[in-house]
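So the structure is just underneath, and the comments pick up after that.
Each reported figure results from applying straightforward, stated rules to the coordinates on display, with no laboratory input. Fair warning: this is a prediction, and the values are worked out from it, not measured in the lab. Every residue, glycine as well, gets a Cβ built from its backbone with ideal geometry; the counts of neighbours run over all protein chains shown.
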Amino acid sequence: MNLLSTIRTVPNFPTPGIMFRDITTLLKDKDALAYCVDTLYERYKDERIDKVVGIESRGFILGAALAYKLGAGFIPVRKPNKLPAAKIRREYQLEYGSDAVEMHADAVARGERVLMQDDLLATGGTMSAACSLVEELGGTIVSLSFIIELSFLHPRERLKHYDIFSLVQYDKE
């Protein structure tokens, strides 16, 4: 399946000069959505995944579906002040300023095998922060999984210690 044809590009969003890769057009296409979930399931079905971590907010969509198919639990990683119970937090640097992600402090047990899922890999900052939360709790990260990878931003350099899989790569803006 040609997933590229199901992804809408929105110029100058959210700021001028950015070409936003919009997966809502992929998600509304039942065949494209099924292809994504099924392809990721086939890749990870023999990995003994205990938990799938999805990063807010589009990482929740495939992450929850994938957790269900893998027979694993699902863990949301959220932006600050969205989780109600005790949580751990990791700040990370953006091009201009900083941001943070949080996860419940009881989300991962020591030794659990975790698959990380998000819709898009750009610089790797958000995923790196999310991985450090899982590792702080003693989880073992099996792989990082994405629909889209912006390879021209070289995110694999930042995440070089992890196995990375993406369904679609863009090699230029």
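Ordering PHE165, VAL142, PHE60 by the projection of their Cα atoms onto the charge dipole of the chain, which places +1 on the Cβ of Lys and Arg and -1 on the Cβ of Asp and Glu, puts PHE60 at the extreme positive end.
Using the Cα centre as the reference, give the magnitude of the dipole from point charges on the C-beta atoms of the chain (Lys, Arg: +1; Asp, Glu: -1; all else neutral), rounded to the nearest 20 debye. Roughly 260 debye for the chain. Taking a straight line from the alpha carbon of LYS30, these lysines sit under 22 Å away, with near neighbours fewer than eight places off in the same chain left out: LYS45, LYS69. Loop-located GluC sites (Glu not before Pro) in segment 1-107 (DSSP state other than H, G, I, E, B) with a sparse environment of at most 14 neighbouring Cβ atoms within 10 Å: GLU47, GLU95. Relative contact order of the chain, taken over Cα pairs closer than 8 Å and 6 or more residues apart, is 17 percent.
Of the trypsin sites (Lys or Arg not before Pro) found in segment 67-141, those in coil by DSSP whose Cβ has at most 16 other Cβ atoms within 10 Å are LYS82, ARG110. For segment 62-149, the list of chymotrypsin sites (Phe, Trp or Tyr not before Pro) that fall in a loop by DSSP and count at most 11 other C-beta atoms within 10 angstrom reads TYR96. Here segment 95-173 and segment 1-43 have alpha carbon centers that stand 18 Å from each other.
Classification of the chain by its C-alpha gyration tensor yields an oblate form. The axis ratio a/c (a ≥ b ≥ c) is 1.5 or more, and b/c is at least a/b. Charges were assigned to the Cβ only: +1 to each Lys and Arg, -1 to each Asp and Glu. The resulting dipole of segment 1-102 about its Cα centre is roughly 260 debye. Here the spin labels are modelled as points 7 Å beyond Cα on the Cα-Cβ line, and at ASP46 and THR140 they lie 1.7 nm apart.
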